[in-house]
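A short worksheet on the structure shown next.
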Amino acid sequence: MPNPSHQLLNRTRLDRFISKALQVKRSEVRLMLASGRILVDGQAAESISQVVHTFSHICLDGDILLNNTPQYLMMNKPVGVVSATKDAQHKTVMDLLRGGSLRGESLQGESLNGEQRAGLHIAGRLDFNSSGLLLLTNDGHWSRRLSAPETRVSKAYRVTLEDPIEPHYVEAFAEGMYFAFEDLTTRPARLHILSEHLAEVYLTEGRYHQIKRMFGRFNNKVTSLHRFAIGGLYLDEALQAGQSRGLSADELERVF
Ligand code: URA
């Protein structure tokens, strides 16, 4: 019996999934189903056209064919680490997870094994020199929803600038700035000046180096950039740079 339990799929028909996983004809799947050998989420499957997805639990004769658990992690990303799963030159956030930086237990009460780590992807990158809240998941549906332009989840950053921040920046951020390279105007962003060199910025999109480029309009260089919230989800300050932990059900809700 192959062990495809880590397999991630979009929504698909039950017969298509089983015939691919076991390399059998769909007519055989029909017979398996008719004799009650297939369980989906603990119930005998009733139709070969039943739709299954990444997190369906599928068994044949008691053997597990698919058994993924959704994983949602927050990481306190340090500066100097790439938001990627692989990089030839630099340490990646996945290397940090591999290094055992997962604090406590994941949401489902178990720590991640290599296979579970391999299924993770990043939901909303941070630049190499940026730090703070980074989300990782194996749930593509959730991360697509999070990054869909129409969702407009707000992302909050604390930013330090080389030169004094001037009050007229606030209006320019709120109006949006034209980025010729992408031929677009940024969505209204909120700039809240905290002190001469420190501000909070709230964005509902994530253009390439967006905050640095926005301050760049005023020739003011960003010297540090830290994301502290995504929607209503705040970075757990108890997480040291490089550490991660699973999100609670309540935190999952708060993102949106
Ligand atoms: N804007 C940037 O310039 N960098 C980030 O990492 C996030 C927003």
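For segment 51-96, give me each residue that is among the basic types (Lys, Arg) and in a loop (DSSP other than H, G, I, E, B).
Lys86, Lys91
Of all residues in segment 170-191, how many are touching a helix residue (DSSP H, G or I) at 6+ places or on another chain (Cβ under 8 Å) and within 28 Å of Asn76 (Cβ to Cβ)?
Looking only at that region, the number is 5.
Which of the residues that make up segment 34-74 are in contact with a helix residue (DSSP H, G or I) (Cβ under 9 Å, 6 or more places away or on another chain) and hydroxyl-bearing (Ser, Thr, Tyr)?
Within segment 34-74, Ser47, Ser49, Thr54, Ser56, Thr69, Tyr72 qualify.
Check off (1) away from the ligand (no atom under 13 Å from the Cβ); (2) more than 20 Å from Glu205 (Cβ to Cβ) for Val81 and give me the number that stays unchecked.
Tallying (1) away from the ligand (no atom under 13 Å from the Cβ); (2) more than 20 Å from Glu205 (Cβ to Cβ), Val81 fails exactly one: (1).
Hey, which of the helices (runs of 4 or more DSSP H) in segment 147-256, taking only ones fully inside, have at least 2 residues that are small (Gly, Ala, Ser) and either surrounded by fewer than 16 Cβ atoms within 10 Å (Cβ to Cβ) or away from the ligand (no atom under 14 Å from the Cβ) (or both)?
169-175
Rule-based calculations on the coordinates, nothing more; no lab input. Since we're looking at a predicted model, the values are computed, not measured. Note that each Cβ is placed from the backbone with ideal geometry, even for glycine, and that neighbours are counted across all protein chains shown.
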